[in-house]
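Step one of this worksheet: look at the structure below.
Throughout, read-outs are computed from the coordinates displayed, never taken from laboratory work. Note that the structure is a prediction, hence the values are computed from the model and not measured. Don't worry about glycine lacking a Cβ; one is built from the backbone with ideal geometry, like all the others, and counts go over all protein chains shown.
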Amino acid sequence: MSIQSTISIKNTTKIFNQGSSNEVVALKDINLEIKPHEFVSLIGPSGCGKSTLLRLVADLIVPTVGEITVNGKSARRARVEQDYGFVFQAATLYDWRTVTKNVQLPLELMGYSREERKHKAQEMLELVELGDFGNHYPWQLSGGMQQRVSIARSLAFDPPILLMDEPFGALDEMTRERMNLELQNIWDRTDTTILFVTHSIPEAVFLSSRVVMLSPRPGRIAEIVDVDLPMPRINEAREDPHYFELVNHLRDTLRKIEGEDG
Amino acid sequence: MNFRRFWSDYAPAVILFVAVIAIWEGAVILFAIERFILPAPSAIWSNFVENFDRLVGIGWFTTKEALGGFFIGCTLGIGTALATARWLTVREALMPFAIAANSVPILAFAPIVNNWFGVDNPVSKMVIVAVIIFFPMMINTVRGLTLVDPAALELMRSYAASEFEILFKLRIPNALPYVFSGFKVAASLSMIGAVVSEFFGGNRQALGVFITQEAALFRFENSWSAIIIACFVGITFYLVILGIERISIPWHVSFREK
């Protein structure tokens with residue numbers, strides 16, 4: 001291994017309710033190495049364990065078997081030392097905090113000074129183009145804006161890794177495409193390594209440097225596809241013939257997986 | 001809020017109130033209802049004005065009992081709820097009893113509590129009020145502390161937040177709306193509790209005692225005047241809590257601009 005992996009997943013298996021009658025093998029023998037500043041998408045039919053894999057990396061759950069290293073340390077230490085920011089499917093903003101206070105939440109927990117918090121939150125809100133909305137409450141914003149606040153919050157403490165669990169799943173197509181561009185832009189301007197769960201093949205191809213296709217029951221890696229489209233990607237990338245090739249190829253793979261499964 | 005808006009919001013209620021009073025007054029005159037069955041509103045009002053100073057004194061005595069009981073009951077209820085949020089076993093042990101006790105008519109214990117603390121002692125009424133309020137307060141607060149969005153908890157876990165930080169930055173703010181609905185229930189219950197426990201005996205200058213004694217002497221206008229005071233105190237108490245709620249949790253769903 002020439003470069004140290006930012007995220008290293010070795011022989012990892014996750015079994016829920018082990019030993020009971022409703023035992024589920026969510027993931028089996030997963031091996032995946034993610035290098036610094038990669039953008040990797042996890043994709044696959046529902047129940048393939050892509051969210052489970054993300055949660056294992058985040059140490060929100062622990063593997064049954066296997067070893068996960070994040071930023072050169074155990075997943076647990078990486079969580080405790082705040083090596084990653086996590087973006088959930090729902091924006092998960094706290095109703096009682098204004099937008100800027102929501103972005104400041106991780107900074108408060110990490111002991112930043114009041115001045116630093118204010119400064120950092122404003123900087124992040126400007127990054128997601130919500131600089132004028134700091135004093136609004138979350139419910140005063142649209143769904144897309146709320147999700148942008150949640151991205152600002154996850155970036156506020158400059159984590160080297162961003163873990164995103166279908167962050168744009170609940171948004172309409174237009175907003176989603178704009179958010180994809182913004183995320184590309186953020187990724188391009190920072191050194192962040194991103195692990196991204198989605199159920200949209202076009203989204204995965206557009207954003208990623210690599211797409212990992214998982215198959216269900218038990219969750220295994222079915223295929224890994226390198227996306228060799230030029231970076232940074234702009235809207236024109238969606239019209240590139242090679243983009244279509246990759247999307248179609250992944251669709252075929254997905255169909256094959258679902259055929260075998262069904 | 002401008003006058004026009006205020007009027008359009010409250011006009012139906014005001015009209016209904018005036019209508020009920022008018023029908024009441026009319027019915028008393030029309031059917032010549034005896035004053036010991038139902039006095040006319042005008043008769044009650046003139047009695048109320050005449051005895052105002054005395055009624056205020058009586059009302060204040062009972063209000064103090066209600067307020068004392070309210071503070072003791074709320075403090076203990078919220079305190080216990082916070083303890084159960086910290087120690088799960090305490091909650092598992094206490095909650096079934098709290099829910100059961102919440103449906104017990106605690107006022108039935110009033111004569112016994114009067115006996116413990118002395119019939120004339122306002123503390124006996126405060127204790128009854130506190131016990132009545134304790135259970136809804138505790139149950140509401142526990143709900144608020146525990147019914148937290150799982151994703152919000154997972155977010156805290158991703159930040160490796162301590163239990164203490166989760167309590168102060170997530171569970172307690174999440175519980176505030178539940179605590180305020182507890183306060184509103186407790187406000188009404190505290191006045192009811194204080195007045196009714198006085199029915200079983202107490203200081204002569206207290207609302208419950210005054211209402212029963214004057215009724216026994218066929219001075220019903222006096223009883224009715226005391227009831228007006230009790231209503232006024234109860235409603236004021238409720239409105240004060242509503243106002244504090246509005247200031248404390250302006251972010252809550254119920255206060256969002258439509």
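Farthest towards the positive end of the charge dipole of the stretch B:43-255, among the residues B:Phe48, B:Ala85, B:Thr63, is the Cα of B:Ala85, using unit charges on the Cβ of Lys, Arg, Asp and Glu.
Straight-distance candidates among the lysines for linking to A:Lys120, with alpha-carbon spacing under 18 Å and chain neighbours fewer than 8 residues away dropped: A:Lys101.
Per residue of A:85-96, other chain Cβ atoms within 10 Å of the residue Cβ number 5 on average. The Cα center of the stretch A:43-121 and the Cα center of the stretch B:185-242 differ in position by 55 Å.
Counting only other chain Cβ atoms within 10 Å of each residue's Cβ, the peptide A:100-107 averages 1. Placing +1 on the Cβ of every Lys and Arg and -1 on the Cβ of every Asp and Glu, with no other charges, gives the protein assembly as shown a dipole of roughly 1260 debye about its Cα centre.
Run lengths n ≥ 4 of DSSP H only: what is the helix-derived mean residue ellipticity at 222 nm for the protein assembly as shown, with -39500 (n - 2.57) per run over all residues, to the nearest 500? List each step's numbers first, then the result.
Numbers: 19 runs with 297 residues, N = 520.
Per the formula, -19000 deg cm²/dmol.
For the stretch B:80-232, a crude dipole built from +1 on the beta carbon of Lys and Arg and -1 on the beta carbon of Asp and Glu, taken about the Cα centre, is about 120 debye to the nearest 20. Treating each Cα of the stretch A:89-158 as one equal point scatterer and applying the Debye formula with no solvent, the log10 of I(q)/I(0) at q = 0.12, 0.16 Å⁻¹ comes out as -0.24, -0.43.
Three principal axis extents of the stretch A:12-165 based on alpha-carbon atoms, in descending order, are 50, 31, 27 Å.
The mean number of partner chain beta-carbon atoms within 10 angstrom of a residue's beta-carbon across peptide B:148-155 is 5. Computed across chain B, the Kirkwood hydrodynamic radius from all distinct Cα-Cα pairs reaches 21.0 Å.
I need the chymotrypsin sites (Phe, Trp or Tyr not before Pro) found in the stretch A:1-97, filtered to DSSP loop residues with at most 16 other beta carbons within 10 Å of theirs.
Details: sites: A:Phe16, A:Phe39, A:Tyr84, A:Phe86, A:Phe88, A:Tyr94, A:Trp96; in loops: A:Phe88, A:Tyr94, A:Trp96.
Within the stretch A:1-97, no chymotrypsin sites (Phe, Trp or Tyr not before Pro) qualify (loop, at most 16 other Cβ atoms within 10 Å).
Counting only alpha carbon atoms, the long axis of helix B:207-216 and the longest principal axis of chain B meet at about 30°. Taking every alpha-carbon pair within the stretch A:122-234, the share separated by more than 16 Å comes to 63 percent. Checking every one of the trypsin sites (Lys or Arg not before Pro) in the stretch A:1-80 against DSSP loop status and a limit of 15 other Cβ atoms within 10 Å picks out no site at all.
For the stretch A:29-56, the residues whose backbone nitrogen is under 20 Å from a point 7 Å from the Cα of A:His249, taken along Cα to Cβ, are A:32-35, A:38-45.
The C-alpha radius of gyration of the protein assembly as shown, expressed as a fraction of 2.2 N^0.38 Å, stands at 1.36. Qualifying GluC sites (Glu not before Pro) in the stretch B:1-110, where qualification requires a DSSP coil assignment and no more than 14 other C-beta atoms within 10 Å, comprise B:Glu34.
In chain A, the DSSP beta bridges split such that about 55 percent are antiparallel, to the nearest 5. Put in order of Cβ neighbour count within 10 Å, fewest first, the listed residues B:Arg143, A:Arg117 become B:Arg143, A:Arg117.
State log₁₀ I(q)/I(0) for chain A at q = 0.12, 0.15 Å⁻¹ as given by the Debye formula over alpha-carbon point scatterers of equal weight, solvent excluded. Log10 I(q)/I(0), no solvent term: -0.74, -1.13. Ranking B:Gly118, B:Leu76, B:Leu30 by Cα position along the charge dipole of the stretch B:1-145, where only Lys, Arg, Asp and Glu carry charges on their C-beta atoms, puts B:Leu76 farthest toward the positive end. Could you tell me the center-to-center distance, by alpha carbons, between the stretch B:1-27 and the stretch B:40-59 in angstrom? The stretch B:1-27 and the stretch B:40-59 have Cα centres spaced 23 Å from each other.
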